[in-house]
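A.B. asks: The following block contains the structure, expressed as structure tokens.
The values are calculated or read from the model by the stated rules, or taken from the named source; none is laboratory data. In this text, all values refer to a predicted model and were calculated from it rather than measured experimentally. Every residue, glycine as well, gets a Cβ built from its backbone with ideal geometry; the counts of neighbours run over all protein chains shown.
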Amino acid sequence: MPEHETAAEQTTPASDVGRFLHRRREQIAQRWADEPLFRTVFTVSRDEAVEAGRVLVDALAQVAETGRVADTDAAGFTAVREQLTGMVASRARFGLTSGQVSTEVDGLRPPAVTLLAADLPEATPEHLRECTTLLTVLMGTLRLVVLETSLSEGQALIDRQQLELMEATTPVIRLWDGIVAVPLIGTLDSARSQVVMETLLESVVDQQARFAILDITGVPMVDSLVAQHLMKTVAAVRLMGAECVVSGIRPAIAQTIVHLGLDLGTVVTRSSLADALAYALKRLGADIVIAAPGGAGPR
Amino acid sequence: MSGTVAGVEARMPIRSDLDLVWVRQHVRRAAAALGFGLVDQTKLVTAASELARNTLVYGGGGEMAAEHVRDGRAQGLRLTFSDRGPGIADPERALSDGYTSGGGLGLGLGGARRLVHDFSLDSTPGVGTTVTVTSWAVRSPRQREEPR
Ligand SMILES: Nc1ncnc2c1ncn2[C@@H]1O[C@H](COP(=O)(O)OP(=O)(O)OP(=O)(O)O)[C@@H](O)[C@H]1O
Ligand SMILES: [Mg+2]
């Protein structure tokens, strides 16, 4: 497939990342086979691990091509949900919490990002940055899909698991220099909201973040208490000198919020994590004229 | 087609935060089984969450009863939250938006009333409070719309 100088005009970062995943399918699968997640699940043969990796790369490529990189319901994920369920179950039998599994899934991101940078030597720093961001979001969504899987696995939650999930489902992801995000999954009760707030504020300080994104795509319901927790978190982030964006308010939840009479007026909201990230990047770009060139990618 | 839909009827205790999780989960599943669409499920679950928390926080605990109700071909879900707590002296004020005696947003009761089709509040100071809500599914049971 010929690369055009003006490719950026016809191609989107999503389609570029999709093509990259197809092109480098084999290398990515090979590298992933050596990551803890695949190594420990496929103990019988390495070939099995590589094959599973290929299937996963294909699924991600499909998601990228449809442009729904922040959507855990994207069709591409359906194909691998069963495989992921099996992998999660296998890790759970080893005694790993969903948080630890989630960290292992995150381990798949760096090799993919490294290959992406090597794959686009001609790309402008700007374009490379966009593609890297997109791939990072995509890998974050994969992580969400895996978390969802582990949640539905254990429908019959007992108190102890409930507590584990409370911590496990509040990973703070660094999306970019100065931008952190927490994808929330499950209902934000008082205890969890406390954990979320503390974890988020800590990482705002540690990462010197200017933007914190609270993604509630995985939150099934927003009632007055959840809303109150969200607003408190937003206010606390503001006090730390950062701006908070709430993303992923689904249509059913938006309608409910309106009927409930909640006023989220002062909270910046975006429909998807990708939109929130774009908003934050734009705001950062407006303040900081040039981001560190080249190696400004995550990690 | 007049059989009961499995997994709808239930009596559930409301004694802890974790019970609120079960209540929400039950309402979600029962509503889905009765053919509620995603938006109507979410509305009813949210109303149930508000009312169950009031039962716990202000009523000192109590229970929720879920019933499958029918009107002709229409399928509905009725939820009754009851406690033997202090009761509500001034229901009008309690229902008004923004009124709270406990540091909340004061939106629970009024919001729940707006989120359901039928709402009734019956409270006697010193005896307890019962709130009953009913919502109706637009579709027939089991033709369940998956959130995908
Ligand atoms: N079951 C109950 N028993 C006694 N008092 C109640 C009960 N339910 C509600 N109330 C009273 O009605 C008030 C309003 O309730 P509502 O649910 O609207 O607001 P809230 O619980 O204070 O705040 P929010 O629900 O927005 O977090 C409560 O503050 C409480 O004084
Ligand atoms: Mg309330």
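A.B. asks: Within the range B:10-29, is there a residue that is part of a loop (DSSP other than H, G, I, E, B) and either surrounded by fewer than 15 Cβ atoms within 10 Å (Cβ to Cβ) or not polar (S, T, N, Q) (or both)?
C.D. replies: Within the range B:10-29, one or more residues are part of a loop (DSSP other than H, G, I, E, B) and either surrounded by fewer than 15 Cβ atoms within 10 Å (Cβ to Cβ) or not polar (S, T, N, Q) (or both).
A.B. asks: So which residues in the range A:1-57 are modelled with pLDDT of 95 or more and not in a helix (DSSP H, G or I), if there are any at all?
C.D. replies: A:R24
A.B. asks: When the residues of the range B:74-109 are narrowed to those that are more than 20 Å from B:T42 (Cβ to Cβ) and among the hydrophobic types (A, V, I, L, M, F, W, C), which ends up farthest from ligand 1 (Cβ to nearest atom)?
C.D. replies: The extreme case among them is B:A89.
A.B. asks: Provide a single number: the residues in the range B:42-67 that are more than 16 Å from ligand 1 (Cβ to nearest atom) and either at pLDDT below 95 or small (G, A, S) (or both).
C.D. replies: 1
A.B. asks: It is to be established whether one or more residues within the range B:48-69 are within 11 Å of another protein chain (Cβ to nearest Cβ) and in a loop (DSSP other than H, G, I, E, B).
C.D. replies: Checking the range B:48-69: not a single residue is within 11 Å of another protein chain (Cβ to nearest Cβ) and in a loop (DSSP other than H, G, I, E, B).
A.B. asks: Now a separate question. Go through the residues of the range B:115-125 one by one and say whether even a single one is in contact (Cβ under 8 Å) with a residue 12 or more places away in the chain, assigned to a helix (DSSP H, G or I), within 14 Å of another protein chain (Cβ to nearest Cβ) and within 7 Å of ligand 1 (Cβ to nearest atom).
C.D. replies: Scanning the range B:115-125 turns up no residue that is in contact (Cβ under 8 Å) with a residue 12 or more places away in the chain, assigned to a helix (DSSP H, G or I), within 14 Å of another protein chain (Cβ to nearest Cβ) and within 7 Å of ligand 1 (Cβ to nearest atom).
A.B. asks: For the range A:223-243, give me each residue that is within 7 Å of chain B (Cβ to nearest Cβ) and either modelled with pLDDT of 95 or more or away from ligand 1 (no atom under 12 Å from the Cβ) (or both).
C.D. replies: Of everything in the range A:223-243, nothing turns out to be within 7 Å of chain B (Cβ to nearest Cβ) and either modelled with pLDDT of 95 or more or away from ligand 1 (no atom under 12 Å from the Cβ) (or both).
Conditions (1) under 22 Å from A:I257 (Cα atoms); (2) without any contact (Cβ under 8 Å) to a residue 40 or more places away in the chain; (3) assigned to a strand (DSSP E or B), marked per residue:
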{"position": "B:I88", "(1), (2), (3)": "no, no, no"}
{"position": "B:G102", "(1), (2), (3)": "yes, no, no"}
{"position": "B:L109", "(1), (2), (3)": "yes, no, no"}
{"position": "B:T129", "(1), (2), (3)": "no, no, yes"}
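A.B. asks: May I pose another question? Could you check, for the range B:74-81, whether at least one of its residues is within 14 Å of another protein chain (Cβ to nearest Cβ) and more than 16 Å from ligand 2 (Cβ to nearest atom)?
C.D. replies: no
A.B. asks: How do the helices (runs of 4 or more DSSP H) wholly within the range A:72-171 filter down when requiring 2 or more residues that are over 17 Å from A:L184 (Cα atoms) and modelled with pLDDT under 80: which remain?
C.D. replies: Answer list for the range A:72-171: A:75-93, A:159-168.
A.B. asks: Residues that are of a type in the set (S, T, N, Q): list the helices (runs of 4 or more DSSP H) wholly contained in the range A:179-291 that include at least 3 such residues.
C.D. replies: Filter on the range A:179-291 gives A:190-206, A:224-239.
A.B. asks: Is one or more of the residues making up the range B:117-125 touching a Ser or Thr at 6+ places or on another chain (Cβ under 8 Å) and within 12 Å of ligand 2 (Cβ to nearest atom)?
C.D. replies: Within the range B:117-125, none of the residues are touching a Ser or Thr at 6+ places or on another chain (Cβ under 8 Å) and within 12 Å of ligand 2 (Cβ to nearest atom).
A.B. asks: Tell me the residue from B:R113, B:R73, B:R93 that is surrounded by 15 or more Cβ atoms within 10 Å (Cβ to Cβ) and either touching a helix residue (DSSP H, G or I) at 6+ places or on another chain (Cβ under 9 Å) or on the phi < 0 side of the Ramachandran plot (or both), please.
C.D. replies: B:R113
A.B. asks: If you check B:L18 against the conditions, is it within 11 Å of chain A (Cβ to nearest Cβ), out of contact with any Ser or Thr (no Cβ under 8 Å at 6 or more places or on another chain) and more than 15 Å from A:P220 (Cβ to Cβ)?
C.D. replies: Yes, satisfied.
A.B. asks: Could you count how many residues in the range B:21-39 are out of contact with any Pro (no Cβ under 6 Å at 6 or more places or on another chain), modelled with pLDDT of 90 or more and within 9 Å of chain A (Cβ to nearest Cβ)?
C.D. replies: Result for the range B:21-39: 4.
A.B. asks: Which residues, taken from the range B:55-70, are near ligand 2 (Cβ under 10 Å from one of its atoms) and surrounded by fewer than 24 Cβ atoms within 10 Å (Cβ to Cβ)?
C.D. replies: B:L56, B:V57, B:Y58
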